[in-house]
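Structure first, commentary second.
The values are calculated or read from the model by the stated rules, or taken from the named source; none is laboratory data. Fair warning: this is a prediction, and the values are worked out from it, not measured in the lab. Here the Cβ positions follow ideal geometry from the backbone for every residue, glycine too, while neighbour counts run over all protein chains shown. Surface accessibility is based on the protein's heavy atoms, side chains included, excluding ligands, DNA and RNA. Shrake-Rupley method; radii C 1.70, N 1.55, O 1.52, S 1.80 Å.
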Number of protein chains: 2
Amino acid sequence: MNIGEAARASGISAKMIRYYETVGLVPPAGRTEAGYRTYTARDVDTLRFIRRARDFGVPMERVKLLVGLWQDKDRPSREVKEVALRQVAELEAKIAELTAMKDALAELASACHGDNRPDCPILRDLAGASCSAAHPAPTLHSAKTGERFGGNRSA
Amino acid sequence: MNIGEAARASGISAKMIRYYETVGLVPPAGRTEAGYRTYTARDVDTLRFIRRARDFGVPMERVKLLVGLWQDKDRPSREVKEVALRQVAELEAKIAELTAMKDALAELASACHGDNRPDCPILRDLAGASCSAAHPAPTLHSAKTGERFGGNRSA
DNA sequence: CATGGGGCTTCCCACCATGGGAAGGTCAAG
DNA sequence: CTTGACCTTCCCATGGTGGGAAGCCCCATG
């Protein structure tokens with residue numbers, strides 16, 4: 001099985017399979033005499049495992065951890081659950097952050113006429129919360145967590 | 001006002017101010033004879049405007065658009081509102097995506113004993129949804145939007 | 001047997017924002 | 001005049017992913 005077939009079978013692009021190999025997420029694939037990478041059904045299982053973990057937004061470092069646990073038949077499920085719950089917590093944090101942004105912006109937008117007149121509370125707010133001070137809505141404009149952890153996968 | 005003072009006054013790092021200049025988000029700053037960048041109070045206002053927009057997760061391209069609208073005293077508020085609502089829609093899409101991930105993973109985790117035994121439904125699911133088929137929960141495992149639009153700002 | 005097309009290989013570049021750091025010039029206070 | 005804080009430009013890294021070039025390989029068809 002060459003890399004193209006493995007890619008189709010696993011749902012991971014050939015590009016990414018090579019990348020995963022370079023960063024050590026998967027061990028180096030076997031090679032034909034001509035230098036082509038070869039994959040076994042077991043290799044494809046691993047790749048599929050990785051893809052599903054990535055579908056949950058799990059960053060690669062954590063995927064590496066999960067693959068290790070998966071392959072260790074004696075792992076305590078406690079460890080797996082800890083990793084999963086950490087992931088859930090980070091997703092929740094990210095969701096909360098985005099939700100705060102969304103709510104604040106949606107509220108601003110709802111205050112905007114959206115007509116041909118130039119007057120616009122959205123721009124007024126962006127230009128300086130200090131000006132339009134004292135309206136009760138939580139202005140965001142501070143408190144950002146500053147994470148990253150992707151979550152950006154174009155399948 | 002040099003770049004350090006402008007950075008403190010605007011809340012944007014000096015690094016990022018220079019970067020914004022190179023990508024054309026802000027016009028080139030004035031320079032002293034020695035080559036130091038100089039900033040006026042107006043420049044700092046613009047930088048603050050940018051920071052606040054970024055706090056809403058607005059990507060740079062969109063920020064550029066907003067700055068343009070802000071500086072055009074005759075813009076119709078309709079245009080500004082459209083941009084804001086587009087942003088809200090993208091935030092919502094991202095939130096929905098993360099929430100789907102979070103819910104699916106949280107459900108899996110809740111099914112895991114989390115003790116010293118190796119048996120783990122989380123790993124079983126990751127190893128192949130086809131095996132543990134037919135459980136009613138929406139398995140995610142498909143349908144990803146694949147966006148990016150940051151939203152990652154460490155203030 | 002030759003040729004063509006589709007695969008594979010490696011390598012570099014791009015994205016989006018941001019931070020880190022090196023090497024060297026400048027400014028102001030002591 | 002020295003010291004230290006600042007400024008300048010330049011390169012590199014992140015996290016994942018895609019694009020593409022240059023070159024080799026394999027198979028099938030004429």
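Numbers at a glance
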item: 1.4 Å probe, heavy atoms, protein only - residues of segment B:33-52 losing at least 30 Å² accessible area vs chain alone; result: B:49, B:52
item: Candidate aspartates and glutamates for bridging to residue B:64, where Cα separation is under 18 Å - those fewer than 8 sequence places away on the same chain excluded; result: A:125, B:21, B:43, B:45, B:55, B:72, B:74, B:79, B:82, B:90
item: Closest Cβ on chain B to the rotation axis that carries it onto A (distance rounded to whole Å); result: B:95, 3
item: Fully extended contour minus Cα-Cα distance, from residue A:32 to residue A:110, at 0.36 nm per residue; result: 21.9 nm
item: Label geometry 7 Å along the beta-carbon vector: residue A:89 inter-copy distances in nm; result: 3.7
item: Other copies of residue B:21: label-to-label distances in nm, shortest first, labels 7 Å along the beta-carbon direction; result: 4.5
item: D_trans [Stokes-Einstein, Kirkwood Rh over alpha-carbon pairs] for segment B:77-127, 25 °C, 0.890 mPa s, µm² s⁻¹; result: 180 µm²/s
item: Segment A:1-35 versus segment A:36-69: alpha-carbon centroid distance in Å; result: 11 Å
item: Percent accessible area from carbon and sulfur atoms, segment A:1-126, protein chains only, probe 1.4 Å; result: 53 percent
item: Relative intensity, log₁₀ I(q)/I(0), of segment A:3-54 from a Debye sum that treats every alpha carbon as a point, q = 0.26, 0.32 Å⁻¹; result: -1.05, -1.53
item: Dipole magnitude (debye, nearest 20) for segment B:3-71, charges at Cβ of Lys, Arg, Asp, Glu; result: 160 debye
item: Summed buried accessible surface, chains A and B, 1.4 Å probe, nearest 100 Å²; result: 5600 Å²
